[in-house]
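Before any comments, here is the structure.
The values are calculated or read from the model by the stated rules, or taken from the named source; none is laboratory data. These numbers were taken from a predicted model, which means no experiment stands behind them. Cβ placement follows ideal geometry from the backbone for every residue including glycine, while neighbour counts extend to all protein chains displayed. Protein only, heavy atoms only, side chains kept; ligands, DNA and RNA dropped before computing areas. Shrake-Rupley method; radii C 1.70, N 1.55, O 1.52, S 1.80 Å.
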Amino acid sequence: MKDFNVAILGCGTVGGGVARIMSELQEEISNRASRKINLRKIVELTPDSAAKRFSLPTDLFYGHGKNLTGEEAEHYIKEVLEAEDIDLVVETIGGSNDYIENLAVKVCEAKKHLVTANKALLAERGKAIFDTAKTNDVTVGFEAAVCGAIPIIKTIKESFTGDSIISLSGIMNGTSNYILSMMQNEGMEFEEALKLAQENGYAETDPTLDINGYDAGHKLVILLKLAFGVDIAMDELSIGGIENISREDIEFAEEINCKIKLICYAKKIDGKIYATVCPMMVKNSNFLSGVKGVTNAVRVVNKYSGKHILLGAGAGSFETASSIVADIVFAAKYSERGQVSYDKQSLDFIDASHFEFPYIMTFETADVPGITGLVTTSVGHQNINIDTVSHNRHKKDRATFSIATMPCTMLQIEKTIAEITNNNPDLLLSTPKVIPILY
Ligand code: NDP
Ligand code: HSE
């Protein structure tokens, strides 16, 4: 069989890892694909520093010896797209703007397979790319886009096709899990932990997406399509981040035997899909509570085969790159089998706030007698069954306490807070924090 030739666009943390693994494992991956796989060319804005960082020969890079301007990079990318002997293009530039979407579409129009780690692009603009790939009979590999090194895409796309997925829950953003772990276990402050995550290359170029839950949201949107055939836009999913998690929340979590984690959650009930991304108090008895640092984990419950847990590195240069290289080998070996169906199916999608969860509500009030009674009475009025009321934390003239509930809806919680505020307008000193509890 003829050689299979690859070009990489963007040789940063992930693209550089791909180039390095391809050169170290060329013989092995070629044997696995039963044809020779070659890394032909790289387009990168700073070729010399990338070559040095990943110990790569400079002649792999277009225009080495100086940094490229955007126009020069564009010129070389066009050369890649026109090169008849390039079979597959790796997009590791990142971003989800028009430029990157057009680039991904052009790769497919040029009848080259595309491999990308770009979850933002696929979650926000995937349809145009998958449609173009289908029309042009090329594949799109995106194993690295969800949970870096963990083979969750192939597991859902191939291994679980003889079953029916009931629920998915997971830790899918390494940066936020790293920050929460450092706050929880090392007593580190938020900013310090974020800086370390950035230095280690885990965080996105703009770490806001890691912190506000949108990076995890991108990954859940991709998995919802694969697992349930539900094609939703990012703004249909309720997404919360970890930016307001305080050390006090961590203490309340400890009091009810939980760890706070940013959780992607989806469950099928009566033909409807409920999903959300938000910080949850995860019970210590749930496997996900023990997942620390940049590690990601996905827990899948299937109708016939039961529970499965996939655990591994969710980010990092070589970790993520290994998934990209796996997609390259797959395309080289079975390109005709790689198509992904993005057809919308008939399941309804419902925001998980309509779903019953146990919740923990944290109230900040004046430190005077009778307040706990007023709050718990309103909770009872909304027919919410209380599980635990925490110790009060007394700070000067303020008190903070939390109430853990039995399963109820967000609507009941909202009505409770409205009742407390209407009956006693000065009672609450800040908006109560409400966090679901995951058993
Ligand atoms: P980086 O910023 O490290 O790498 C991007 C590279 O692309 C940089 O080297 C940049 O050049 C180069 N670049 C920018 N514009 C162009 C252009 N027009 N032409 C050619 N090269 C260009 O990002 P990452 O490697 O971290 O991320 C890449 C993708 O992988 C993103 O979509 C990200 O979401 C995803 N991802 C990242 C993970 C990680 O752990 N980092 C894990 C999973 C997915 P310059 O040298 O000037 O910066
Ligand atoms: N910034 C992402 C994370 C990289 O922290 O998980 C992997 O997608």
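GNM remark for the chain: springs join alpha carbons under 10 Å apart, and the peak mean-square fluctuation among Asp231, Asp249, Asp397 falls on Asp397.
Based on Cα coordinates alone, diagonalise the gyration tensor for the chain, multiply each eigenvalue by 5, take square roots, and list the semi-axes in whole Å, largest first.
Taking √(5λ) for each Cα gyration eigenvalue gives 45, 23, 18 Å.
Here's how it looks for Ile166: its modeled amide H is under 5 Å from those of Val301, Asn302, Lys303, which are all 5 or more places away or on a different chain.
If you take the alpha carbon atoms of region 64-155 and fit the smallest convex hull around them, that volume is 115 Å³ per residue.
Distant-in-sequence amide contacts of Phe4, defined by a placed amide H-H separation under 5 Å and a gap of 5 or more residues or a different chain, comprise Lys36, Ile37, Asn38.
From the cross-link list Lys157/Lys259; Lys127/Lys303; Lys154/Lys268; Lys157/Lys307, which pairs have alpha carbons spaced over 24 Å apart? Don't jump to the answer; show the numbers that get you there.
Values: Lys157/Lys259 31 Å; Lys127/Lys303 29 Å; Lys154/Lys268 21 Å; Lys157/Lys307 17 Å.
Result: Lys157/Lys259; Lys127/Lys303 exceed 24 Å.
Look at where the Cα atoms of region 264-310 and of region 131-187 average out, and the two centres are 12 Å apart.
If you bin all the Cα-Cα distances of region 229-379 at 10 Å, starting from zero, the percentages per bin are 8, 25, 34, 21, 8, 3, 1, 0. Shape analysis of region 109-168 based on the Cα gyration tensor places the equivalent ellipsoid semi-axes at 22, 14, 11 Å, largest first.
Length gain on complete extension for the stretch Ile309 to Asn383, per 0.36 nm per residue less the alpha carbon to alpha carbon distance?
Length difference between fully extended and current span is 23.1 nm.
Quick one: Debye curve from the C-alpha atoms of region 356-438, no solvent, what's log10 I(q)/I(0) at q = 0.23, 0.26 Å⁻¹? One equal scatterer on each Cα of region 356-438 leads to -1.12, -1.41. Rolling a 1.4 angstrom probe over the chain with all protein chains present gives an accessible area of which 49% lies on carbon and sulfur atoms.
Ordering Ile420, Phe349, Ile239 by the projection of their Cα atoms onto the charge dipole of the chain, which places +1 on the Cβ of Lys and Arg and -1 on the Cβ of Asp and Glu, puts Phe349 at the extreme positive end. Bridging of Lys219 to aspartates and glutamates at a Cα separation below 15 Å is possible for Glu124, Glu143, Glu204, Asp210, Asp231, Asp235, Glu236, once same-chain residues fewer than 8 apart are set aside. Put a plus charge on the Cβ of each Lys and Arg, a minus charge on the Cβ of each Asp and Glu, and nothing anywhere else: the dipole of the chain about its Cα centre is then about 1180 debye. Take the Cβ atoms of Thr58 and Lys292, set R0 to 51 Å, and the FRET efficiency comes out at 0.85. For a label point 7 Å from the Cα of His354 along Cα→C-beta, name the residues of region 248-288 whose backbone N is under 20 Å from it. Label zone hits: 265-278. Note on region 60-78 and region 357-378: Cα centroid distance 61 Å, given to the nearest whole angstrom. Taken per residue, the accessible surface of the chain reaches 43 Å², heavy atoms only and a 1.4 Å probe.
What the Cβ-Cβ distance of Leu196 and Glu248 gives, at R0 = 22 Å and to the nearest 0.05, is a FRET efficiency of 0.45.
The charge dipole of region 356-438, taken about the Cα centre with unit charges on the Cβ atoms of Lys, Arg (+1) and Asp, Glu (-1), comes to about 220 debye, rounded to the nearest 20.
When each of the peptides 133-140, 209-216, 90-97, 114-121 is scored by the mean number of other C-beta atoms lying within 10 Å of its residues, the order from highest to lowest reads 114-121, 209-216, 90-97, 133-140. Selection among Phe401, His113, Asn286 by position relative to the dipole of the chain gives Asn286 as farthest towards the positive end (Cβ unit charges, Cα centre). Residues whose amide H comes within less than 5 Å of that of Met188, counting only those at least five positions distant or on another chain, are Met183 (H built at 1.01 Å from N in the peptide plane).
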